[in-house]
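Data first, discussion second: the structure below is written as structure tokens.
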Amino acid sequence: MTDHSPHEGLTVPVAPDTAACTAALEVATAYCSPALLNHSVRSYVWASAYAAQQGIEHDAELLYVSALLHDIGLVPEFDSHTVDFDVAGGHVAWVFAAGAGWPAERRRRLSEVIVRHMWDTVDVREDPEGHLLERATGVDVSGRHLDDFTAGFRADVLARYPRAGLSDEFLACFHDQAARKPQSSPAVSVRGGLADRVRANPLDRPVG
């Protein structure tokens, strides 16, 4: 787990073949815009690929469902005017997991991973799924840690799951959240220069 150089020959990961993963994709497809849906899928792809590179053991089903639902609190149907979008998303995911028949502790972990994707860092030793999702969303939103992957792998991922105007939509969502909830995690991100980091993301520029 110490080799941080990009690996050649990495293939684009696919979703785990479980009923919960299939249902999570169905939910995300129903409620997320095309840009937000592809962002959620790419977040799993970056996370799973990085885990494979670094030999990070993790629960693939938990990681996939977390990735697909991590931004569900941004969509109008699940938007909260009282709590941060990541916290709201964690609550939605808990309900989803209850319907999927997951035990209470696994539901709690799902909610926890989603909330932690907004942390600056998550210790891989304490929470591998949280670490992977936090790192992967950083890759996709602002290009942080993008050098974990080769240009060829990045191009393959974007060809399969295009960005579809994600940066503009994401910033609009965060500015809206920040205006309505000044103490929220999006507000902290906006005040911390999120827009500049998002606009500088190399993933929004053509490869080659």
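A few remarks follow.
- Within region 156-183, the set of residues being more than 25 Å from residue 13 (Cα to Cα) and within 18 Å of the chain's Cα centre (by Cα) comprises 168, 169, 171, 172, 173, 174, 177.
- Scanning region 132-144 for residues that are touching a residue at least 60 places away in the same chain (Cβ under 8 Å) and assigned to a loop (DSSP other than H, G, I, E, B) yields a single hit, 143.
- Checklist (1) open to solvent by less than 50 Å² (accessible area, probe 1.4 Å); (2) β-branched (Val, Ile, Thr); (3) within 30 Å of residue 182 (Cβ to Cβ) applied to residue 95, failing item: (1)
- Complete set of residues in region 177-208 that are surrounded by fewer than 18 Cβ atoms within 10 Å (Cβ to Cβ) and part of a helix (DSSP H, G or I): 179, 180, 188, 191, 195, 196, 197, 199, 202, 204
- Residue within region 92-101 that is without any contact (Cβ under 8 Å) to a residue 12 or more places away in the chain and outside any helix (DSSP H, G or I) present: yes
- No other residue among 58, 39 is open to solvent by 50 Å² or more (accessible area, probe 1.4 Å) and closer than 22 Å to residue 116 by Cα apart from 58.
Okay, residues lined up against (1) open to solvent by 30 Å² or more (accessible area, probe 1.4 Å); (2) assigned to a loop (DSSP other than H, G, I, E, B):
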{"residue": "130", "(1), (2)": "no, no"}
{"residue": "163", "(1), (2)": "no, yes"}
{"residue": "167", "(1), (2)": "no, no"}
{"residue": "175", "(1), (2)": "yes, no"}
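- Number of the condition not met by residue 124 [criteria: (1) among the hydrophobic types (A, V, I, L, M, F, W, C); (2) part of a helix (DSSP H, G or I); (3) over 23 Å from residue 194 (Cα atoms)]: (2)
- Candidates are the residues of region 117-128 that are under 22 Å from residue 36 (Cα atoms) and free of Cβ contacts under 8 Å to residues at least 24 places away in the same chain; the one that is surrounded by the most Cβ atoms within 10 Å (Cβ to Cβ) is 119.
The values are calculated or read from the model by the stated rules, or taken from the named source; none is laboratory data. Since we're looking at a predicted model, the values are computed, not measured. FYI the Cβ positions are ideal-geometry reconstructions off the backbone, even for glycines, and counts take in every protein chain you see. When the accessible area is computed, the model is the full protein with side chains, heavy atoms only, and any ligands, DNA or RNA have been set aside. Shrake-Rupley method; radii C 1.70, N 1.55, O 1.52, S 1.80 Å.
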